[in-house]
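Just below is one structure, and these are the notes that go with it.
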Amino acid sequence: MSVPDDASSLEGEVGVALVLTPVANAEALAATCAVAKIRMDAVPTPVGALAVLRDRDGDAPAAAAGAISRLLRGVPVVLLERRDGQISAGRWIDGARDGDLAPGLVLGDAPEVLEDVILGSATPADLEGVVSSVGMSRLKAMRILAAAGRAHRRP
């Protein structure tokens, strides 16, 4: 019998990982993630875009949640992971994990699309309005972010 050095290998594989954000525009979230080199699909919802992470191995979901929360300074985000039928939720702010949350409370008032994605009954390919950061050039991402900034400043 051997005991692994890294206990994370005992936890099972992450089936779905997503980051809940308050970003109103899925395209802006995808552009932000493209600049940060985070491979994800941004799903629009009435309460903010979801970043459905494509890289789910090892610490990749936590690193992505940290990077997104650093980019959205002062704004908390929530990392949801489904692993072996169990859902976990953690709050991140300014690049650091700020504690665990009860997944039931997070999902309680969440839009239906969030539940569909985290439970695996829908994928980003099944949904409308999804924007991917994969393949988005840095130049295009910067243009999207500049346009979103201008639109936000308009009265």
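Those helices (runs of 4 or more DSSP H) of the range 23-123 in which at least 1 residues are over 22 Å from residue 152 (Cα atoms), considering only elements entirely within it, cover 60-71, 103-108, 112-119. Within the range 120-134, residues that are farther than 13 Å from residue 53 by Cα sit with their Cβ atoms under 6 Å from residues that are in a helix (DSSP H, G or I) and of a type in the set (D, E, K, R), at 6+ positions apart or across chains, in these pairs: 122/116.
When residue 71 is tested against (1) at pLDDT 95 or above; (2) buried (at least 16 other Cβ atoms within 10 Å of the Cβ), exactly one condition is not met: (1). Restricting attention to the range 77-112 and to residues that are β-branched (Val, Ile, Thr) and at pLDDT 95 or above, the residue that is surrounded by the most Cβ atoms within 10 Å (Cβ to Cβ) turns out to be 77.
The values are calculated or read from the model by the stated rules, or taken from the named source; none is laboratory data. No experiment lies behind these values; they were computed from the predicted model shown. Positions of Cβ are generated from backbone atoms using ideal geometry, with glycine treated the same way; all protein chains shown enter the neighbour counts.
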